[in-house]
Amino acid sequence: MAQTNTTITAQKTKTHWSQSIHSLEVTGKIAAYVIISLGALLMIFPFVWMLSTSFKTYGQVFAWPPVWFPQPLQWKNYPEALTILPFHTYFKNTATIVLCNVLGATLSSALVGYAFARMRARGKNIWFLILLSSMMLPHQVTLIPHYVIYRLLGWVDTLRPLIIPTFLGGGAFNVFLMRQFFLTLPGELEDAAYIDGCNAFGIWSRIMLPLAKPALGTIAIFTFMSSWNDFFYPLIYLHSPQNRTMALALRFFQSQYGTDTHLLMAASVTMLIPMMVVFFSAQKIFVKG
Amino acid sequence: MAFHKSNRNSLARQEERLFYLFISPWLLGFLVLTCLSMAASLYWSFTEYDMLTSPKWIGLENYQSAFSGFDSRLFWQALKVTLIYTFSSVPLQLVGGFLVAILMNQQIKGINVFRTIYYLPSITAGVATAMLWLFIFNPQFGILNWLLAQVGIEGPAWLASRKWALPALIMMSMWGFGGPMVIYLAGLQGIPQHLYEAAKIDGANAFKQFLYVTIPQMTPIIFFNLVMSIIGTFQVFTSAFVMTAGGPVNATLFYVLYLYREAFQSFRMGYASALAWVLFIIIMIFTGIQVKLSGKWVYYEGIR
């Protein structure tokens, strides 16, 4: 009797335990949810503030307390901001650089990465080690010689110094990424193509490139982001107003019309929109690693 | 037999030629844009060079000038600013990124939307967001000081203040912890589930699982983030150039900003090359120390 009693109590405590663990998990999840949501608000708040400001009148920008939702929205800020300076020219320059960089980085890193993944050659491992260690090199070490070289070639104040180097390997990290990707593909693919009389370049361009779409896409997106946003190299190489990129122009806009905060924010939002579009259309790649 | 062998040799040689043909774009870039350029930069660091006249050999003078001579005041200031930034921003970003990654690793509805939101600031960081923060930090009209005023705090002048300009930039850098976060997240998802199950069987509670499974499994990724973040913070430029121009009174004179000014505004290419090599050596030393220390705390599968 006494024994059954203890078993019952034991069972009771057990169910009690699992219940409390369960409720603990639920409270944990709710707490996590609350914290994540608050954090997300904090992260997104500056963007919202930027957007709101871009639709204000000059006077509303300096209102105290702040105007959160300007009524009516000043849509005209956008055409005004984008025509004070010839932003269409800057957009054209930026788009040229970005598209060339995406093309150069994907193609050349795929070519080099394929060779490192699939071909046998003496010295390959040493070259690969050199490639990896070149990732650690701060760009500043080669910055001045690059400037001198491009100056000798007459490339300073043209878009060329910002475009041509990406065709030379497309960045060590991208090569590494492509190599890792090609290593995962089965070798039978190439063997079959060799037997069918395909040469190495044909195999690379007709069989390997189409298979590498996910890796190429990742590289394309990251290249897009970094070259769209690049400020340092355009600042160094582009001097004439008609050669400016969007990033440079935004900085120039600020130094000229910095007090027109509503217009500055409109121009900044415009600069962010293409990045946001690319980011959201590709978020699966980012978020899932 | 002999024929067969030579045939195989020629095939191997052919493949070797193909290999070098395929890597030739990178090889060309590496030889000219990396090797030759590094040699040139090293040579120029011992010269006085303004790009108009040919470089004049002056031995160690550039380095002496930086460490203890004419340029030492700005050099040490730039180094100090950069180190303060690195040692505040990197730990904040790495710890913040790690904690948020753990929250984000749960199976919650709509978690992908949250991950995207947290990652967004780090990927859009550039001139446009610098403009935004410039406005947020505005002492009179900025939203930050308005928020502080709501809780009865009179906010400082932020970017216009010698004391608060650098902390403001550090605060701003926190907004970008989504970068390390996604890398952690990828790592967390790669931890094999059976390790947690084994720990549960051994009676480990959630905290102990975190301590004895999650953290050891994540050390290689923490290490990677640490190395990359430090290299990154040493090269901060855009935010300082756009938002403070190094001021007030050099309070935010980041190292690369200083280098940029010496090279492209004063055209002291020789001195700037010396600055670049000092930066390179500092980064090498930091990375070396971290690699050395990593043996003590980074856990690699199968080694221990």
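With the requirement that a residue be more than 10 Å from every other protein chain (Cβ to nearest Cβ) and within 22 Å of the chain's Cα centre (by Cα), what does region B:263-276 give you? B:274 - this is the single residue of region B:263-276 that is more than 10 Å from every other protein chain (Cβ to nearest Cβ) and within 22 Å of the chain's Cα centre (by Cα). Within region A:133-163, the residues that satisfy the criterion of being in a loop (DSSP other than H, G, I, E, B), more than 7 Å from every other protein chain (Cβ to nearest Cβ), of a type in the set (A, V, I, L, M, F, W, C) and surrounded by fewer than 16 Cβ atoms within 10 Å (Cβ to Cβ) are A:135, A:153.
Suppose we filter region B:176-223 for residues that are within 27 Å of the chain's Cα centre (by Cα) and part of a helix (DSSP H, G or I); how many remain? Steps first, please.
Filtering region B:176-223 for residues within 27 Å of the chain's Cα centre (by Cα) gives B:176-191, B:214-223.
Now restrict to residues that are part of a helix (DSSP H, G or I): B:178-189, B:214-223.
The qualifying residues number 22.
For region A:219-275, a residue qualifies if it is surrounded by 20 or more Cβ atoms within 10 Å (Cβ to Cβ), of a type outside the set (A, V, I, L, M) and under 22 Å from residue A:60 (Cβ atoms), and the qualifying residues are A:253, A:254, A:261, A:262, A:268. On inspection, residue B:243 does not qualify as surrounded by fewer than 16 Cβ atoms within 10 Å (Cβ to Cβ) and of a type outside the set (D, E, K, R). Considering only residues in region A:91-129 that are among the hydroxyl-bearing types (Ser, Thr, Tyr) and farther than 19 Å from residue A:173 by Cβ, the one that is farthest from the other protein chains (Cβ to nearest Cβ) turns out to be A:96.
Only one residue in A:22, A:88 is at pLDDT below 85, loosely packed, with under 11 Cβ neighbours inside 10 Å and away from chain B (no Cβ under 11 Å). Which one? Write out each step before concluding.
Values: A:88 fails: at pLDDT below 85.
After ruling out the rest, the residue left standing is A:22.
Taken together, the residues in region A:42-55 that are over 16 Å from residue B:96 (Cβ atoms), part of a helix (DSSP H, G or I) and more than 8 Å from every other protein chain (Cβ to nearest Cβ) amount to 5.
Taking region B:158-169 as the region of interest, how many residues are surrounded by 18 or more Cβ atoms within 10 Å (Cβ to Cβ) and not aromatic (Phe, Trp, Tyr)? Break it down stepwise before answering.
Of the residues in region B:158-169, the ones surrounded by 18 or more Cβ atoms within 10 Å (Cβ to Cβ) are B:158-159, B:164-166, B:168-169.
Next cut, not aromatic (Phe, Trp, Tyr) only: B:159, B:165-166, B:168-169.
Count: 5.
Residues checked against (1) over 30 Å from residue A:128 (Cα atoms); (2) in contact (Cβ under 8 Å) with a residue 12 or more places away in the chain; (3) out of contact with any Lys or Arg (no Cβ under 8 Å at 6 or more places or on another chain):
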{"residue": "B:15", "(1), (2), (3)": "no, no, no"}
{"residue": "B:64", "(1), (2), (3)": "yes, no, yes"}
{"residue": "B:85", "(1), (2), (3)": "yes, yes, yes"}
{"residue": "B:97", "(1), (2), (3)": "yes, yes, yes"}
{"residue": "B:110", "(1), (2), (3)": "yes, no, yes"}
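Only one of A:271, A:225, A:275, A:208 is of a type outside the set (S, T, N, Q) and touching a Ser or Thr at 6+ places or on another chain (Cβ under 6 Å); which? Give the steps one after another, and end with the answer.
Values: A:271 fails: touching a Ser or Thr at 6+ places or on another chain (Cβ under 6 Å); A:225 fails: touching a Ser or Thr at 6+ places or on another chain (Cβ under 6 Å); A:208 fails: touching a Ser or Thr at 6+ places or on another chain (Cβ under 6 Å).
It is A:275.
In this structure, residue A:130 does not satisfy being assigned to a helix (DSSP H, G or I), surrounded by 18 or more Cβ atoms within 10 Å (Cβ to Cβ) and either touching a His at 6+ places or on another chain (Cβ under 6 Å) or of a type in the set (A, V, I, L, M) (or both).
Could you check, for region B:43-59, whether at least one of its residues is free of Cβ contacts under 8 Å to residues at least 12 places away in the same chain and within 30 Å of the chain's Cα centre (by Cα)? No; the residues of region B:43-59 include none that is free of Cβ contacts under 8 Å to residues at least 12 places away in the same chain and within 30 Å of the chain's Cα centre (by Cα). Quickly run through region A:263-285 and pick out the residues that are in a helix (DSSP H, G or I), more than 10 Å from chain B (Cβ to nearest Cβ) and in contact (Cβ under 8 Å) with a residue 60 or more places away in the chain. Within region A:263-285, A:263, A:266, A:285 meet the criteria. In this structure, is residue B:114 over 24 Å from residue A:48 (Cβ atoms) and modelled with pLDDT under 95? No; evaluated as a whole, the condition is false for this residue.
Within region B:242-260, residues that are part of a helix (DSSP H, G or I) have Cβ atoms under 7 Å from residues that are crowded, with 22+ Cβ neighbours inside 10 Å and hydroxyl-bearing (Ser, Thr, Tyr) in these pairs: B:255/B:82, counting only partners at least 6 apart in sequence or on another chain. For region B:136-175, filtering for residues that are at the interface with chain A (Cβ under 10 Å from one of its Cβ atoms), in contact (Cβ under 8 Å) with a residue 24 or more places away in the chain and not in a helix (DSSP H, G or I) leaves 1. For region A:193-215, the condition of being charged (D, E, K, R), out of contact with any helix residue (DSSP H, G or I) (no Cβ under 7 Å at 6 or more places or on another chain) and in a helix (DSSP H, G or I) holds for at least one residue.
Residues of region B:213-241 that are within 11 Å of chain A (Cβ to nearest Cβ), aromatic (Phe, Trp, Tyr) and free of Cβ contacts under 8 Å to residues at least 60 places away in the same chain: B:237, B:241. Suppose the filter is closer than 24 Å to residue B:277 by Cα and either among the hydroxyl-bearing types (Ser, Thr, Tyr) or touching a helix residue (DSSP H, G or I) at 6+ places or on another chain (Cβ under 7 Å) (or both); does residue B:75 pass it? Answer is yes for this residue.
Among the residues making up region B:121-130, those that are more than 7 Å from chain A (Cβ to nearest Cβ) and not polar (S, T, N, Q) are B:125, B:130.
State whether one or more residues within region A:171-186 are within 13 Å of another protein chain (Cβ to nearest Cβ), part of a loop (DSSP other than H, G, I, E, B) and buried (at least 20 other Cβ atoms within 10 Å of the Cβ). Don't jump to the end; show me each part of the working.
Residues of region A:171-186 within 13 Å of another protein chain (Cβ to nearest Cβ): A:171-176, A:178-179, A:182.
Narrowing further to those that are part of a loop (DSSP other than H, G, I, E, B): A:171.
Now restrict to residues that are buried (at least 20 other Cβ atoms within 10 Å of the Cβ): A:171.
Yes, region A:171-186 contains a residue that is within 13 Å of another protein chain (Cβ to nearest Cβ), part of a loop (DSSP other than H, G, I, E, B) and buried (at least 20 other Cβ atoms within 10 Å of the Cβ).
Please enumerate the residues belonging to region B:128-181 that are at pLDDT below 90 and charged (D, E, K, R). Answer for region B:128-181, where residues must be at pLDDT below 90 and charged (D, E, K, R): just B:154.
The values are calculated or read from the model by the stated rules, or taken from the named source; none is laboratory data. Bear in mind the structure is a predicted one, so any value in this text is a computation, not a measurement. Cβ atoms come from the backbone with ideal geometry, glycine included; neighbour counts cover every protein chain shown.
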